[in-house]
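The values are calculated or read from the model by the stated rules, or taken from the named source; none is laboratory data. Model, not experiment: these values are computed from the prediction. Cβ placement follows ideal geometry from the backbone for every residue including glycine, while neighbour counts extend to all protein chains displayed.
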Amino acid sequence: MAKVLMKGNEAMALAAIKGGCDAFFGYPITPQNEVPEYLSYHMEKNDRIFVQAESEVAAINMVYGAAGSGARVLTSSSSPGIALKQEGISYLAGSELPAVIINVMRGGPGLGGIQPSQGDYNQITRGGGNGDYQLLAYAPETLQETVNIVKRSFSLADYYRNPVIIAVDGLIGQMMEPVDLDQKIEEKKSPAKDWAATGEAAKRGKRNKIVSLHLDPYQLEKHNLKLKAKYDEMKENEQQYELINMDHDPSIVFVAYGSMARIARSAIEALKKEGIEVGMIRPICVHPFPEKAFETLPKSVTTLLTLEMSLGQMLQDVQIVNQGRYTLDFFGRAGGVVPESEEIVEKVKTIMKGAAK
Amino acid sequence: MKRIQVLTGHYGSGKSEIAINLAIENKIDMLVDLDVVNPYFRSRSMHELLEAHQVSLVESTIEKALGSDLPFISAKGSRPFSDKSLTAIYDLAGTHAGAKLLMQYREQIDIQDVDFLVVINIFRMETATKEQIFDLIKTLEASSQLKVTGLINNTNLMKETTEEHIKQGEAVIKSLAEQLNLPIRYTFIEEHVETNHIFEGENRRLVRYLAKKWL
């Protein structure tokens, strides 16, 4: 297919269909409404299942049921709606069920606002559900990257038997950009779902049970260790990031994702015109956090400037990875305020003045 | 140009950007934003710019409360239909659902005064073919109870648009325009596109007011 012009939410919805999504369960909330709106029409046309549930809690439990039967399942929401789904997400992880969750982030906490935000970083990377579980969490920057990640995420969820969350801020959900829906992606190869509850116990000779309840602590610990081994494998194999402008010996390097990375790119271009070279580490997978990116920085680097549309959440991951190697600084806007690239340029100049003293 | 231009089309066809462009360039008195669907990138976020160009903006939220997702239509929105001294542009929300909002002015609309224009970009999957656009026009007419009076070619892939793309759009739209006996009123051309070609209708350069420069 040639390129078409799509809105982020529509593009994610179509990408899910292309990625083999069998069923969608969701509930409306701004600014992600075009995802269910698009799917309400196109899932049926493609012989798939679409249900508008009575609430977010119902939707995530429908996801649990459908995933347990071996289907490729999607739900989408925005920040407070994702908060409502946390219990179900913990159950999915505990029962080792694959599912894809899209979060189109808006300002918070609480009902917050409807303008774009990255305030759910902790929610998507740490999770709000109970127990020792982790998610594979992506935070793409362009619609093309978003589409490719959504398509691939179903195979990743299947491979790890774990929920995958894709978080974009509201801007990426609402903006329009040309995309190619059929760009080749490398699917993660996963074995057949011989664990699924498909009603074929007689044929199989044993019953498949989907549970997250293990009353024997030794048995539960064994289960926890099994999950941990998967998370370690994710950490080893799924770190994904982009390094930008590193071959110009920058002393300051941004760490930014999603829309903030787009704004940071404008700042890098503007600073370049003034003879100032700044690099950027752009996490694509935000959990596991791309630690490997920090091992390869040029010797010229002295300062890491974390940029967020939130107030120092990813900064904590940068602190953990940094281990005191570089000077850390931070710039963030919150509440749905989208910064201009000029604000970032000013911040860089302030840091440079301080360093020159 | 008629006194009132109403812009309709599929969502994402570029109605709001075009509404702002036309309001400023044609020195229109009033821009009425009837898009109660989209939370971002709407003409109501352009308050200051429009004020500077003496365009009065009637918003589709409670005045200047951009962060509200409560649909709201000000009573001021009907003024251009009663005050014949005013020129106006109406920016509808996409598809037949958006066009339905016009029904509230049904008793006041004098069709002599109104141009009902469909904005089309053939790189939107829902308006890629002549048949799809034909169906869209029929549903828009049915839900607004107004006859479409002209088409706008806004075929683009944003920064990736070429002259060839606009020509592709024109081929599809022109063939439909002939079938329906409708004029192509405007062709909008992205600022960066290098072309000396004269397209159908008035040729206008599209200034992107709503899309941020880093988008």
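Considering only residues that are hydrophobic (A, V, I, L, M, F, W, C) and in a strand (DSSP E or B), look in region A:208-256 and name the one that is nearest to residue A:64 (Cα to Cα). Checking each candidate, the answer is A:255. Please tell me if residue B:160 is without any contact (Cβ under 8 Å) to a residue 24 or more places away in the chain, within 26 Å of residue B:211 (Cα to Cα) and in contact with a Pro (Cβ under 8 Å, 6 or more places away or on another chain). Yes, satisfied. For residue B:104, state whether it is within 14 Å of chain A (Cβ to nearest Cβ), assigned to a helix (DSSP H, G or I) and in contact with a helix residue (DSSP H, G or I) (Cβ under 8 Å, 6 or more places away or on another chain). Against the criterion (within 14 Å of chain A (Cβ to nearest Cβ), assigned to a helix (DSSP H, G or I) and in contact with a helix residue (DSSP H, G or I) (Cβ under 8 Å, 6 or more places away or on another chain)), residue B:104 does not qualify. Among the numbered conditions (1) closer than 15 Å to residue A:241 by Cβ; (2) among the β-branched types (Val, Ile, Thr); (3) in contact with a Pro (Cβ under 8 Å, 6 or more places away or on another chain), the only one that residue A:318 does not meet is (3). For beta carbons closer than 8 Å, sequence separation of 6+ or different chains, a first residue in region B:123-142 that is farther than 20 Å from residue B:164 by Cβ and a second that is of a type in the set (Lys, Arg), the qualifying pairs are B:141/B:147. Residues that are within 12 Å of another protein chain (Cβ to nearest Cβ), touching a residue at least 60 places away in the same chain (Cβ under 8 Å) and within 28 Å of residue B:70 (Cα to Cα): does region A:35-51 have at least one? Looking for residues that are within 12 Å of another protein chain (Cβ to nearest Cβ), touching a residue at least 60 places away in the same chain (Cβ under 8 Å) and within 28 Å of residue B:70 (Cα to Cα), one finds none in region A:35-51, hence no.
For every residue, the table says whether it meets (1) crowded, with 24+ Cβ neighbours inside 10 Å; (2) under 26 Å from residue A:199 (Cα atoms); (3) acidic (Asp, Glu); (4) outside the structural domain of residue A:154 (by TED's automatic domain parsing).
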residue: A:20; (1), (2), (3), (4): no, yes, no, no
residue: A:32; (1), (2), (3), (4): yes, no, no, no
residue: A:41; (1), (2), (3), (4): no, no, no, no
residue: A:44; (1), (2), (3), (4): no, yes, yes, no
residue: A:49; (1), (2), (3), (4): no, yes, no, no
residue: A:64; (1), (2), (3), (4): no, yes, no, no
residue: A:78; (1), (2), (3), (4): yes, no, no, no
residue: A:82; (1), (2), (3), (4): yes, no, no, no
residue: A:86; (1), (2), (3), (4): no, no, no, no
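I'd like the full set of residues that are touching a residue at least 24 places away in the same chain (Cβ under 8 Å) and either aliphatic (A, V, I, L, M) or within 14 Å of chain A (Cβ to nearest Cβ) (or both), limited to region B:169-188. Answer for region B:169-188, where residues must be touching a residue at least 24 places away in the same chain (Cβ under 8 Å) and either aliphatic (A, V, I, L, M) or within 14 Å of chain A (Cβ to nearest Cβ) (or both): B:169, B:172, B:173, B:176, B:177, B:180, B:182, B:184, B:188. Criterion applied to B:137, B:152, B:166 was being over 23 Å from residue B:3 (Cβ atoms) and either in contact with a strand residue (DSSP E or B) (Cβ under 9 Å, 6 or more places away or on another chain) or more than 12 Å from chain A (Cβ to nearest Cβ) (or both), and the one residue passing it is B:166. Scoring residue B:201 on the criteria (1) closer than 27 Å to residue B:39 by Cβ; (2) out of contact with any helix residue (DSSP H, G or I) (no Cβ under 9 Å at 6 or more places or on another chain); (3) among the small types (Gly, Ala, Ser) leaves a single failure, condition (1).
Determine whether residue A:268 is within 14 Å of chain B (Cβ to nearest Cβ) and of a type in the set (Val, Ile, Thr). Criteria met by residue A:268. When A:28, A:36 are screened for being surrounded by fewer than 18 Cβ atoms within 10 Å (Cβ to Cβ) and either in a helix (DSSP H, G or I) or assigned by TED's automatic domain parsing to the domain that holds residue A:161 (or both), only A:28 passes.
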